[in-house]
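*Asks:* Encoded as C-alpha cells, here's the structure I'll be asking about.
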Amino acid sequence: MTSARRGGNPARPGLAGLAGLLLIVELLPRLRLVNDRFLPPTSRIAAALADEVSTSTFWHSLGETLYAWAIGLVVAVVAGVLAGLVIGSVPLLRALTASTVEFLRPIPSVALIPLAVLLYGTQLGSTLLLVCYAAFWQVLVQVLYGVADVDPVAEETARSFRFSAWGRVRHVLWPTALPYVFTGFRLAASVALVLTVTAELVIGAPGLGKEIATAQNSDAVATMYALIVVTGALGVVINLLTRTGERRLLAWHQSVRGEVTV
Amino acid sequence: MDVLKKIGSAVALPVLLFAGWFLLSDGSASFYAPPLRQILTAFADTWQPERLRADVAPSLLRLLAGFLVAALIGVGLGVAVGLNRRLRAVLEPVLEFFRAIPPPVLVPVIMLFAGIGDGMKVIVIVFGCVWPILLNTVEGVRAVDSVVLDTARAYGVTGPARLTRVILPSASPQIAAGLRQALSIAIILMVISEMFASSNGLGFAVVQFQRSFAIPEMWSGIILLGLLGFALSLVFRLAERWALRWYEGLRATRRRAG
Amino acid sequence: MLEVKGLRKVYSSGGREVEALRDLTFTVDNGDLVCLVGPSGCGKTTLLRCVSGLLMPTSGEVRVGGRPITGPPPGMAVVFQEYGRSLFPWMNVRDNVELPLKQKKVDRSRRRQLVDTALDAVGLSGAASAYPWQLSGGMQQRVAIARAVAYEPETLLMDEPFAAVDAQTRADLEDLVRSLWQRLEVTVLFVTHDIDEAVYLGRRVVMLSSSPTVVQDELVVDLPAERDQLRTRADPRFVELRTRVYEQIQLAKRAAAG
Amino acid sequence: MLEVKGLRKVYSSGGREVEALRDLTFTVDNGDLVCLVGPSGCGKTTLLRCVSGLLMPTSGEVRVGGRPITGPPPGMAVVFQEYGRSLFPWMNVRDNVELPLKQKKVDRSRRRQLVDTALDAVGLSGAASAYPWQLSGGMQQRVAIARAVAYEPETLLMDEPFAAVDAQTRADLEDLVRSLWQRLEVTVLFVTHDIDEAVYLGRRVVMLSSSPTVVQDELVVDLPAERDQLRTRADPRFVELRTRVYEQIQLAKRAAAG
Amino acid sequence: GSDKDSGGSGTSSGGVDNVTVGIIPIIDVAPIYLGQSKGFFKSRDIELKLEAGQGGAAIVPGVVSGQFQFGFSNLTSLMVAQTKNVPVKVVAAGVSSTGEQGKDFGAVVVKGGSPIKTAKDLAGKKISVNTLKNIGDTATRNSVRKAGGDDKSIDFVEMPFPTMQAALEGGQIDAAWVVEPQLSSIKAAGGREVASTFVDAAPDLTIAAYFTAQKLIADKPDVVKRFTEAMNESMTYADAHPDEVRQILTAYTKIDDKTRAAVVLPKWPTEINKASVQTVADLGTQDGIFASAPDLGKLLP
Ligand SMILES: Nc1ncnc2c1ncn2[C@@H]1O[C@H](COP(=O)(O)OP(=O)(O)OP(=O)(O)O)[C@@H](O)[C@H]1O
Ligand SMILES: Nc1ncnc2c1ncn2[C@@H]1O[C@H](COP(=O)(O)OP(=O)(O)OP(=O)(O)O)[C@@H](O)[C@H]1O
Ligand SMILES: [Mg+2]
Ligand SMILES: [Mg+2]
C-alpha cells in the first residue's frame, strides 16, 4: 500500500535470499544430512571456485560459453520476435503454421545432437544450432500469446485512423506484446544458457559445460559444484540486467507501475 | 465446412514439408540422414502396439506426472511471488540461480535425494518445466488490472475467493502461455531424464537406437516425439479453449471485421 | 458517520507530481445521501477511492464510525467510474453480480432472489447469462449498478454511475437509488457531473473547487423527500438550487483560470 | 455522402444470438451533422462500428461516396465509447494525439501546432506529458476527443464522447464540435443519450427504436446555425423539438415493453 | 581459424596434415595427450587437435561425416556400428585391461557391508552400468555365469559413472560396474570388488580403439598410416612411463592429486588382441547386444 521505495537498495532482499541458500548448503553436509562427498559445504565449493578462477582455462571457457550464449540468444530472439509478429498478425499464417510449430517444438534439442555434429562437428556451430533451436520456441510462443493479447479497442483505434500495417505493428502490437517478449526473453536467456552448457557437456564443444563434464568424470565434486554455481550466477546476473531493462521500457505497464504508485 | 477448412489449414504445411523431405532425402546416401522412405518403414516396424505399451506408456505417465506437479508448483509459487513484492525480491535471485542450471548436470544431485526410479525422472521434468509456468504466472498476476483488484477489495472478495475468482482467472491467459511452453519442455526433459538410470521409455529408446546405430529407427523415434508433442498440444489447446472461452470470445468478437 | 478530515492526496509517479486533493473536510451522517459535484479532473474519484479505503491519502484521514479506515470497510459497495474494467470478463453477468454476495455468505436462495431483483431493477433480466464484453456500454454500467444494489450495502459509493445510459434509463436508475436509500437507510456518496442530477438526488450537495481542490461550498437540498422526475424538476425551489450549484461551479472554474 | 442501407447485425458468440440491428436505412449528406439517439443497448455503437468499417454487418451495406466500404475509409476519426481503452497506455498524452498525424504523414511543425491547438481546446495543455492512466476519466475522454479533433477528419464519428465530463466542460466541448464542423465542413455522426445535447448539436436527429432496432423517427433541427448554450436552450422551438424527441423515445421504449 | 574447413579431410598446408581426433576425456586416452606433448605426431607431419566429448554419441557421427578424422571408442560400440554397416574401421588399439584379477582398471564393486561376496551372488541384483547393452553388462553377465550364477536375473540400470558411488551408498543399486577413477574412490570409501569383469572375459582384453572412416582410408591412406604409427609410439611410451601418464592427466582432467596417484592404470599394448575381441563379439551376440554377429574382418585392420 505505502510507498514502494522503502528498503533502500532493492537488491538487498535478493542478496539475503542467496545468502540463505549458501547457508543451507553449508549446513546440510556439516550436519551430516547429506554426505559431503556428494554435496560439499559452501566453504569447500568456494575454495574450489577460488582455485578455478585463478586458472586461465576457466576464463577462457567462461568466455566461450558467454560468446556462444550471446550469439545464440540474439539469433533466437530476433528470429522469434520477427516470426511471432508476422505469424501472429496474419491469421492465415497462424492457422497454417500452428500444427507445424506444435510438431517441431517438443522435439528435444538433445535429439538433434547427431545432426548438429554431422553439420558442425564439435565447434561453435553445433552449440549454436541447439541453442537457437531451443530458445527460438520460447520467444515465438510468448510473442504469439502477446500479439493475441492486444486490446480490441486499441486495435480498432489504430484501424480507424488507418495506421499503416507497419504503424500498427510498431505502435499497437509491439507495445502490447512487449511484456510477453520480456518474459520470452528471460525464458530464452536461461534456456540458451542451459543449452549452451548442455551442448558443451554432451558434445564437448569448448566452454563451461566441458569443464563440468571433465570435473564430473574426474570425481572432482567440489569443482563441479563450483562450476555449477558459476552457471547459476550467470543466470542471476542476466536476470538482473533484464529486469533493469524491463523497468525502463515497461514503466507504463500495469505490472511495473502497480509497484511504484498506490 | 468450417471444421474442414481448419483441418485443411492444419495439415497443409506439414504435408508440404514432409513431401519436401521425402523428395529431397530420397536417394540420400548419408548414413545419419537416411531417406524418409526408410524412416517411415522403420516407423511402422518399430512402433508396434507392444513397443508402445512398453516404452511410450511409462514415458507418458512420467511426463504427465511431471507436468502436473510443475503446474501446481509453478502456479502456486508464481501466485505467491507475483502477489508479494517482498517475497519476490527475496526469492527471485535464488530462483534465477536454479533456472540457469542445466538439468543434465543436476541429475546426479537429484539422484542423491530421489534415487533412480520414476521419482527422479519426474523431478527432472518438474525442475525443467516449472520455469515458464512460474515466470508467466508471476507476470500474469502482476498485470491484473488495478480496477479489477480495487473492485474485488471493495466488495470484500478476499482470501481464497480473491485468488480463485479474480487473480487466477485474470492471469489465466498468461498462465496458459506458460503451461503450453512447459508442455513441450516437459517432453524434452522426459527424454533427457530417460538418458540416465533408465531401462525403458521413449527417450531411452531413441538414445538406444542412436547408440546402436539404428539411425532410421532413431529418426522414427524423433518423429514419434513430434507427433506426441503435437497430440498433447492439441489436447491442451482444447482444454485451453474451454477454460478460456471468455477470453477467446472477448478477443474474437472484435476480430470479425474486414 | 463518515468523516473526512484535512484530506490531501498528492500523486507522484513517473516524475510527475499532481496535488489531486489539497485539503478536504466534510462529514456524511449515517443514512445521508450526499452528492459530490466538481469540474472534471478535480479529484472526485480520488476522494471516493480514499473514502473507500482503496487509496491511502498523503495526509489527513477518513473515519467511519469514529475509527480511521485502513482498508475497505465491510458492508460497502462501490460503483467505479471505469465500469467496463470493473466487471470480471471471465464471469457472466449473473456471476458478476452474485460473487460479492457469496463472499458475504448470503445463502443460495436469498442470493438468487437478490440477484434477480437487482438485474430486473436495472432492466437486464434478459442478459443474465451474457458476458460483460457482449454488452453495450450502458448495459455494462447497469451491471455494475446491479452488483452494488444486490449487495445491500450500508455505505454506497457511486462514481458517475449513470454516465453511459440514456436519459430515460437514467431517470429510472435515479429513482432506484433513492428508493434503495429510503428503504435500506444506506449512506450514499454519489459523484456526478450532472448538476440537475445532484440536486434531484441528493439530500446534500458538496461542491468541490477545481484543482488544487478544496470544498467550495455545501448545500442542503430542502426539497420534499418524495421526489418525482417531472414535478420535482419543475419545482421553482429545484431551479433555484440548481442555479446556485451552477454558479458556484462557474466560480470555482473562474478562480482556477484566473 | 454516407448511405446506410438495410443494415442488419446479429452477434452470435458463446451460444448467444443477439439481433443488435434489424433493418436500418438512412443517409448523411456530406458536411451534415447528425445526432443518433436511442435507448441503452439499442445498437448505436454497433451502427457506428459498421459505419466506420470496423465491423462487418450481417446484411445490408454502408456506402461512402457511392462505394460500399470494406474497411475504415481514409480521413475518418472515431471517438470510442470505451475512451479509456482506446488510448495507448504506453504513450503519453501528446504522443497519443500525435500518432495518427504521424501515420497521416503530417509534417512535424504542423503536427506540433495541431496537437497543441487540440489539447488546448479540450483544456489539457498542462497534461501533455502525463500518461493516460495518470488522468481522471473525464480527462482521458478529452484526450480521445483531442486526438480526433487534431486529426482534422472528413468524417467524424463520436460515440457518447462527453459522457464522462462535467456540465460546463461538456458545454464547451459541444461548442468545440460545432465550430469544428462549421470551420472544416466535416461530416459528423454523433451518438448521445442526452436528448438536449442531440437537439442543441445536430442539424438532424435520427432516433433509433429499442431492440430489435429500426429507425424510429428522423427530425431536422430547424434552429439557427449560430447556437448559444444559454439562448438556444431557452428557445421555445428547442424545447418543442426536445419534447418531440423525448416522446418518440418513450414510444420506442413502450413498444419494446409491450 | 575455422577448423571446420581446414580440418576438412586432412588438407595439407605446407606438408602438414591437420587432424582432429574426437576423444573422451578419461584416463584411457592419456597416450594421445602424451604423444601430442612428446611430438610423436608432429614428427610425422600431423598437427593434432583433440576434441573432447562426453561420450560416443558425438564421436562416431563426427568421424563418419568427416568432422573428425579419427575417433576413440569402445570396441563393443564399434562392433555394433559394424553390424549396422557404419563405414568405420579401427586403425589403432586404444586401451586394454591389465589382465590381473583384482588389479584391473574396471570392476564390479559393492558396498563395504554388502552380503554379496562373489560374482555368483550378483544374480538377481540391481547393477549399474554406464551404458546398457554394451561391454559393461555383457562382461558382468559373463563373470556371473562363470561363477555359476544366473545372469538372466540381473537387473541392469544405466547411470553415469560419477553418480554410481552415491547410488551404491544410498542403496539404490546393489553393485556397480565402474572404471577408474571412480573405482579407486569407491574402494577408498570401503567398497569391495567382487569381479574383475575384463579379466574374466579374456586375458588381455582390448577394450577400446582408435578408428576412422573408410573413406579416409581410401582417400588418404598415408595420413592414416602415419597416425597409426604415432599412436603406437605414444602407447608404447605411455605403457613404459606411468608417472608421466599420471602427470599428463592434470592437463585434461580434474582428478585430484591423491586419486591420481592411486588409480590403476590400464595397459596400452599396440597390438589389438583379436581373440579377446572375438570373445566379446561372441558374448555380445549371445546376450543379444548385436543383431547379427559382427564381422571383425571388416572392422579390425
Ligand atoms: N494514478 C494517478 N497517477 C497520477 N495522477 C493521477 C492518478 N489518478 C489521478 N491523477 C490525477 O489526479 C487528478 C484528479 O483525478 P480524479 O480522477 O480524482 O478526478 P475526477 O474528479 O474523478 O475527474 P473526472 O470527473 O474527470 O473523473 C487529476 O489531475 C489526475 O490527473
Ligand atoms: N461483442 C458482442 N457480442 C455479443 N453481443 C453484443 C456484442 N456487442 C454488443 N452486443 C449486443 O448488441 C446490442 C447493441 O449493443 P450496442 O453496444 O451497439 O448498444 P448501444 O446502443 O451502443 O448501447 P449503449 O448506449 O448502452 O452504449 C446489445 O444488446 C449488446 O448486448
Ligand atoms: Mg473521476
Ligand atoms: Mg454504446
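*Asks:* Provide the percentage of antiparallel DSSP beta bridges, counting only those with both residues in chain E; round to the nearest 5.
*Replies:* Around 60 percent of the beta bridges assigned by DSSP in chain E are antiparallel ones.
*Asks:* Straight-line reach only, C-alpha to C-alpha below 18 angstrom: list the lysines that A:Lys210 could link to, leaving out same-chain residues fewer than 8 apart.
*Replies:* E:Lys49, E:Lys254
*Asks:* Relative to the compact globular guide of 2.2 N^0.38 Å, what is the alpha carbon radius of gyration of segment A:61-260, as a ratio?
*Replies:* So segment A:61-260 has a normalised radius of gyration of 1.17.
*Asks:* Answer with one residue from D:Met158, D:Gly41, D:Val106: the one whose Cα lies farthest towards the positive end of the charge dipole of chain D, charges on Cβ with Lys, Arg +1 and Asp, Glu -1.
*Replies:* Among D:Met158, D:Gly41, D:Val106, the one farthest towards the positive end of the dipole of chain D is D:Val106.
*Asks:* Which one, A:Cys132, A:His171, A:Leu250, projects farthest toward the positive side of the charge dipole computed for segment A:61-260 from Cβ point charges (K/R +1, D/E -1)?
*Replies:* A:His171
*Asks:* Here is a further query. What is chain C's relative contact order, in percent, from Cα pairs under 8 angstrom and six or more apart in sequence?
*Replies:* 26 percent
*Asks:* Per the helix-only calculation at 222 nm, which mean residue ellipticity applies to chain C, given -39500 (n - 2.57) for every DSSP H run of n ≥ 4 and division by its residues, nearest 500 deg cm²/dmol?
*Replies:* Helix-only estimate at 222 nm: -12500 deg cm²/dmol.
*Asks:* Another question, if that's okay. Roughly what angle does helix A:12-30 make with the longest principal axis of chain A, taking Cα atoms, 0 to 90 degrees, to the nearest 10?
*Replies:* 30 degrees
*Asks:* Could you tell me what percent of the DSSP beta bridges with both partners in the protein assembly as shown are antiparallel, to the nearest 5?
*Replies:* 55 percent
*Asks:* Pull out a ≥ b ≥ c, the square roots of the eigenvalues of the alpha-carbon gyration tensor of segment B:110-258, then state rounded if a/c is under 1.5, prolate if not and a/b is larger than b/c, and oblate in the remaining case.
*Replies:* Taking the square roots of the gyration eigenvalues as a ≥ b ≥ c, segment B:110-258 is oblate.
*Asks:* With +1 on each Lys and Arg Cβ and -1 on each Asp and Glu Cβ, and nothing else charged, work out how big the dipole of segment B:32-257 is about its Cα centre, in Debye to the nearest 20.
*Replies:* Magnitude of the dipole: close to 860 debye.
*Asks:* Near C:Ile249, within a Cβ-to-Cβ distance under 14 Å, what is the net charge of the other residues, with Lys and Arg +1 and Asp and Glu -1?
*Replies:* -2
*Asks:* Is the shape of segment E:150-290 best called rounded, prolate or oblate, per the rule: a/c under 1.5 gives rounded, else a/b larger than b/c gives prolate, else oblate, with a ≥ b ≥ c the square roots of the Cα gyration tensor eigenvalues?
*Replies:* Oblate shape, in that a/c is at least 1.5 and b/c is the bigger or equal ratio.
*Asks:* Here is a follow-up. Tell me the label-point distance for the pair A:Leu27, E:Lys215, using the 7 Å Cα-to-Cβ offset, in nm and rounded to one decimal.
*Replies:* Result: 6.0 nm between the two label points.
*Asks:* On average over all directions, what projected area in square nanometres does the protein assembly as shown have, based on the convex hull of its Cα atoms?
*Replies:* Seen from a random direction, the Cα hull of the protein assembly as shown projects 56.0 nm² on average.
*Asks:* For a 19 Å ceiling on Cα separation, which of these pairs sit above it: E:Lys267/E:Lys298; E:Lys84/E:Lys133; E:Lys42/E:Lys225; D:Lys44/D:Lys253?
*Replies:* E:Lys267/E:Lys298
*Asks:* Set Lys and Arg Cβ to +1 and Asp and Glu Cβ to -1, take the dipole of segment B:32-257 about its Cα centre, and tell me which of B:Ala214, B:Val109, B:Leu238 lies farthest positive.
*Replies:* The Cα lying farthest towards the positive end belongs to B:Leu238.
*Asks:* If the only charges are +1 at each Lys and Arg Cβ and -1 at each Asp and Glu Cβ, what is the size of the charge dipole of chain A around the Cα centre, to the nearest 20 debye?
*Replies:* 740 debye
*Asks:* Per residue of B:115-123, count partner chain C-beta atoms within 10 Å of its C-beta, then hand back the mean as an integer.
*Replies:* That works out to 2 on average.
*Asks:* Rounded to the nearest 500 deg cm²/dmol, what is the calculated helix-only ellipticity per residue at 222 nm for chain B, with -39500 (n - 2.57) per DSSP H run of length n ≥ 4?
*Replies:* Counting only the DSSP helices, I get -26000 deg cm²/dmol.
*Asks:* What does the charge count near E:Asp204 come to, summing +1 for each Lys or Arg and -1 for each Asp or Glu among other residues with Cβ under 15 Å from its Cβ?
*Replies:* Net of charged neighbours comes to -2.
*Asks:* Provide the per residue accessible area, probe 1.4 Å, for chain C, rounded to a whole number of square angstrom.
*Replies:* It amounts to 38 Å² per residue over chain C.
*Asks:* Let me ask another. Treating cross-link reach as a plain straight distance, find the aspartates and glutamates whose alpha-carbon is under 13 Å from the alpha-carbon of E:Lys89, omitting any fewer than eight places away in the same chain.
*Replies:* Excluding near neighbours in sequence, the set is E:Asp295.
*Asks:* Taking the Cα centre of chain E as origin, work out the dipole magnitude from +1 charges on Lys and Arg Cβ and -1 charges on Asp and Glu Cβ, in debye rounded to 20.
*Replies:* The calculation lands at about 300 debye.
*Asks:* What ³J(HN,Hα) values, in whole Hz, does the Karplus curve 6.51 cos²θ - 1.76 cosθ + 1.60 give for segment D:209-219 when θ = phi - 60°, with x put for Gly and Pro?
*Replies:* 7, 7, 4, x, 8, 10, 6, 7, 6, 10, 8
*Asks:* Can you tell me, using C-alpha contacts under 8 Å and at least 6 residues apart, the relative contact order of chain B as a whole percent?
*Replies:* Taking the mean separation of contacting Cα pairs over the length of chain B, I get 24 percent.
*Asks:* Another question, then. Taking only complete DSSP H runs, can you tell me which helices of chain C stretch 27 Å or more along their own long axis by Cα positions and average at least -1.0 on the Kyte-Doolittle scale?
*Replies:* C:236-257
*Asks:* Would you work out if chain B is rounded, prolate or oblate? Take a ≥ b ≥ c from the square roots of the eigenvalues of the alpha-carbon gyration tensor; rounded if a/c is under 1.5, else prolate when a/b is larger than b/c, oblate otherwise.
*Replies:* Oblate is the answer for chain B, as a/c is 1.5 or above yet b/c matches or exceeds a/b.
*Asks:* What lysines sit close enough to B:Lys5 to cross-link, taking a C-alpha to C-alpha distance under 30 Å and skipping anything fewer than 8 places away on the same chain?
*Replies:* D:Lys9
*Asks:* Relative contact order of chain E, please, whole-number percent, based on alpha carbon pairs below 8 angstrom and at least 6 residues apart.
*Replies:* 29 percent
*Asks:* Give me the percent of accessible area attributable to carbon and sulfur for segment A:173-218, probe 1.4 angstrom.
*Replies:* 74 percent
*Asks:* Just to be sure I understand: chains C and D are related by a rotation, so which residue of C has its Cβ closest to that axis, and how close in Å?
*Replies:* In residue-and-Å form, the answer is C:Ala163, 2.
The values are calculated or read from the model by the stated rules, or taken from the named source; none is laboratory data. Everything quoted here is computed from the prediction, not taken from an experiment. Quick reminder, even Gly has a Cβ in these numbers, built from the backbone with ideal geometry, and neighbours come from all protein chains shown. For the accessible areas, the whole protein counts, side chains as well, though only heavy atoms, and no ligand, DNA or RNA atoms are used. Shrake-Rupley method; radii C 1.70, N 1.55, O 1.52, S 1.80 Å.
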